[in-house]
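Asker: Here it is, the structure in full.
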Amino acid sequence: MAVPMLAIAFSSCSEGDMDDQSIITVDHVDYTPFDHWLQRNYVAPYNIEFKYRYDDKESDMNYYTIPARYEASVILAHIVKYACIEAYDEVGGINFTRRFFPKMIFTIGEWEYRNNGTFILGTAEGGRKILLSGTNYVEQYMGDANDLNEYYLRTIHHEFTHILNQTKDYPADYKLITGSAYVADSWSEGSLATGFLERGFITNYAQHSDTEDFAEMLSMFVCNSEEQWNKWMEEAGETGAQLINSKLDMVKAYMQTAFNIDIVKLRNAIQRRQKDITAGRVNLTDLTVN
C-alpha cells in the first residue's frame, strides 16, 4: 500500500557497548551515537527499529533508490518520534503504540518515482514495516507544517491506518458511500485530478479505492486544523461535504470502537506537536542518552 504524490521540482562506539536486547543486527559496523539514541528512544520503549542504513533487501527493486543521509535520518527520527509515535502515546496510551505501531521504519534518501508523473512517499507492508522515502529532503521541509505533512507525517498516519485496518477491518458499508466512483490508478489523470472534494473525496488519491480512501480520510483529518477542514467542506459543496462527513463519522466510530482512540483528541495532539517542531521548540539533532 503506497502513498503517491504528484511529482514536483524540487566518533563511533564499539558494537560491544550496545544493549544485548537490541533488535538491530548490523554486522561489522561501528555503532554511532545515533544507534545508541535509537536504542534508548525506539527499541527500548517500543521495540521499533528505525533502520537508516541502506539495505537493498528492504528496498523495492522496481525503483531507483539511494541511501538516506545520516544527518537527515537523525532529524526524521526525532520528528517521527515526537509528532507521531508520542502523539499516539498521549491519546491511546503507550501500550497501544507498543502493540500496533509497526516494528520497522526503513528510510531511503530519494522518492520512488513512477512513470505516470507521481512518486511514492511511503508504503506499509504486512503490518510490520513502514518505508519512508525522500529522507534527504527533510531539512528543507521541517520548518513548515504543511510541507512536513505533505511529505512525511501524513504518510506515516496513512500507512499506520492501513496497519490498523489489517488488524481489525473497518465496516464494509464504508465502501458503499462513494462505491461507484473509485477509479483505481486513474486517480491522477485528466479531470480526476481536480474536483475530487465535490465528488466526496478528501484528496484525489482517495479516489483510488476504499482502502486508500479510508487511510486518506484519517490522515488528512489528524494532520490538518479544524479551520482547514471546514474550508475544504465549503469547497466540497453540500453534496460533497455530506459524503465526506459520512465517511468521517465512520472513521471516528471505527477508531473509537476498535482502538479506543478519539481522533479529535489525536488531531489536537498532532497539531500541537507539529507547531512545536516548526517553531524550533524541539531539538531535532540531540543524541544525548541519559
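Asker: Between residue 166 and residue 290, what FRET efficiency follows from the Cβ-Cβ distance if R0 is 35 Å, with the result rounded to 0.05?
Answerer: Values: r = 36 Å, r/R0 = 1.02.
It comes out at approximately 0.45.
Asker: Right, next: Lys and Arg at +1, Asp and Glu at -1: add these up for the other residues within a Cβ distance under 9 Å of residue 158 and post the number. Before the final figure, lay out the partial values.
Answerer: Details: positive: 154; negative: 159, 212, 216.
Local net charge: -2.
Asker: Please enumerate, by chain and number, the lysines with C-alpha under 16 Å from the C-alpha of residue 265, excluding those fewer than 8 residues away in the same chain.
Answerer: 252, 275
Asker: So, one more: How would you rank 179-187, 233-241, 148-156, highest first, on the average number of other Cβ atoms within 10 Å across their residues?
Answerer: On the way: 179-187: 13.1, 233-241: 15.0, 148-156: 23.0.
Going by the mean number of other Cβ atoms within 10 Å, highest first, we get 148-156, 233-241, 179-187.
Asker: When 129, 51 are ordered from fewest to most other Cβ atoms inside 10 Å of their Cβ, what list results?
Answerer: Values: 129 18, 51 21.
Arranged by neighbour count, lowest to highest, 129, 51 become 129, 51.
Asker: Report ³J(HN,Hα) in whole Hz for each residue of the stretch 153-165, in order, from the Karplus equation J = 6.51 cos²θ - 1.76 cosθ + 1.60 where θ = phi - 60°; Gly and Pro get x.
Answerer: Karplus values, whole Hz, x for Gly and Pro: 5, 4, 4, 5, 5, 4, 5, 5, 4, 4, 5, 4, 5.
Where a number appears in this text, it was derived from the coordinates with a stated rule and is not lab data. Not measured: the values here are computed from a predicted model. Cβ coordinates were reconstructed from backbone atoms using ideal geometry, including for glycine residues, and neighbour counts include every protein chain displayed.
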